[in-house]
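Comments concern the structure below.
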Amino acid sequence: GIRMAADLQEKLPKLIERHLIDNLFDLLQTQNRDIQISSLKILQQIGQTEYIKDKVNEIGGVQILEDLAHQNEPDQDFFELITETVDIIENCMKIYSFGKDRNSSFKIRQNYQYSDVGRKVWFSGVLLARWIIETNGDFIKDKSVLELGAGPGLGGLVASNYASRVTLTDYLPEILEMLKINVDLNRKSNVDVMKIDWNDFQDPNHRHEREYDVIIGSDIIFTKELARMLITTLEVLLSSEGTFYCFNNSAMVGIDVFISLAKQKSFKTEVVTVPVSMTYELPEHNVWIFIRCSRE
């Protein structure tokens, strides 16, 4: 009984999604524009996984959407909504919008098939992106920016609107490939992707080819060991007048270790709780902190 219940718990979300997809494509065949628009927006919300992409392809969904776009080409707004939906489904991506103009929207490919930390945008990543935009990028204008543990790279891509150069980093090959796709999706010419493994910086003789004015991160402190590794990585990569900025879930293990080590290593460190005004549409039970470290 327990095994059957566990099996059902695993399969039920996919069964529901499949049924929902069938219903949404039925609704798209109606002539009611409001219903069509609502159906497309729901598809955009759920169409961000390989599983959904496969199911849409099984029923010829992309062709249905392309036919619908062709039929409604004169209606530019509706046409763009359809083509955007096709983009989301085919690229397993989500569009993050932080304003009305196109420069405030970012196409981010993710992989929800896996629970691994680097394959999706976590809530702290959204906070980092919001903060960059709300401060108008004042702290990174005309500076070199490095994002550590970038995952899909939302923070760094937002930073590229203001910085002279941005380097997105991670260490797994599949995440680096996802980063390159996201750079291309957003047509960013001032963004590079580079492999950086924090393990390398644990060797006191290790050197890197350059230092950075600003280093950013989000939810990259979640174990005590990572906190120690991050400090040694910052010692090598952060320029003499550079600053490290990070948004992190306060419940993560290792934050106290990071703060203690940062002070020992003569980093001027500030930690503040993120105000509720910035955490709208995020889980209310979570508390996020903002960490700023600079050379003293």
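Against the definition (open to solvent by 70 Å² or more (accessible area, probe 1.4 Å), over 19 Å from Ser239 (Cβ atoms) and free of Cβ contacts under 8 Å to residues at least 40 places away in the same chain), how does Glu177 come out, yes or no? Yes, satisfied.
Scanning the range 42-66 for residues that are surrounded by 13 or more Cβ atoms within 10 Å (Cβ to Cβ) and of a type outside the set (A, V, I, L, M, F, W, C) yields a total of 10. Please tell me if Gly118 is open to solvent by less than 40 Å² (accessible area, probe 1.4 Å), out of contact with any His (no Cβ under 6 Å at 6 or more places or on another chain) and not in a loop (DSSP other than H, G, I, E, B). Yes, satisfied.
Of the residues making up the range 58-72, just one is more than 21 Å from Arg18 (Cα to Cα), of a type in the set (S, T, N, Q) and not in a loop (DSSP other than H, G, I, E, B), namely Gln71. Of the candidates Ile89, Ile82, the single residue that is under 30 Å from Leu128 (Cα atoms), in a helix (DSSP H, G or I), of a type in the set (Val, Ile, Thr) and under 19 Å from the mean Cα position of the chain (by Cα) is Ile89.
Taking the residues in the range 230-287 that are touching a residue at least 60 places away in the same chain (Cβ under 8 Å) and of a type in the set (A, V, I, L, M) as candidates, determine which candidate is surrounded by the most Cβ atoms within 10 Å (Cβ to Cβ). Taking the candidates together, the pick is Leu230.
Between Leu168, Leu146, which is open to solvent by less than 10 Å² (accessible area, probe 1.4 Å) and either without any contact (Cβ under 8 Å) to a residue 60 or more places away in the chain or assigned to a helix (DSSP H, G or I) (or both)? Walk me through how you get there before you give the answer.
Values: Leu146 fails: either without any contact (Cβ under 8 Å) to a residue 60 or more places away in the chain or assigned to a helix (DSSP H, G or I) (or both).
Testing whether each residue is open to solvent by less than 10 Å² (accessible area, probe 1.4 Å) and either without any contact (Cβ under 8 Å) to a residue 60 or more places away in the chain or assigned to a helix (DSSP H, G or I) (or both) leaves just Leu168.
Report, ordered by the first and then the second residue, all pairs with beta carbons closer than 6 Å, sequence separation of six or more or different chains, a first member in the range 38-64 that is closer than 12 Å to Asn91 by Cβ, and a second member that is charged (D, E, K, R). Listed pairs, sorted by first residue: Gln48/Lys94. Against the condition open to solvent by less than 20 Å² (accessible area, probe 1.4 Å), farther than 26 Å from Asp256 by Cβ and assigned to a loop (DSSP other than H, G, I, E, B), how does Gly156 come out, does it pass? No; evaluated as a whole, the condition is false for this residue. Can you tell me which residues in the range 131-143 are in contact (Cβ under 8 Å) with a residue 60 or more places away in the chain and either in a loop (DSSP other than H, G, I, E, B) or at positive phi (or both)? Listed by number, the residues that qualify are Phe139, Ile140, Lys143.
The values are calculated or read from the model by the stated rules, or taken from the named source; none is laboratory data. In this text, all values refer to a predicted model and were calculated from it rather than measured experimentally. Positions of Cβ are generated from backbone atoms using ideal geometry, with glycine treated the same way; all protein chains shown enter the neighbour counts. In case anyone asks, the SASA skips ligands and DNA or RNA and just uses the protein heavy atoms, side chains included. Shrake-Rupley method; radii C 1.70, N 1.55, O 1.52, S 1.80 Å.
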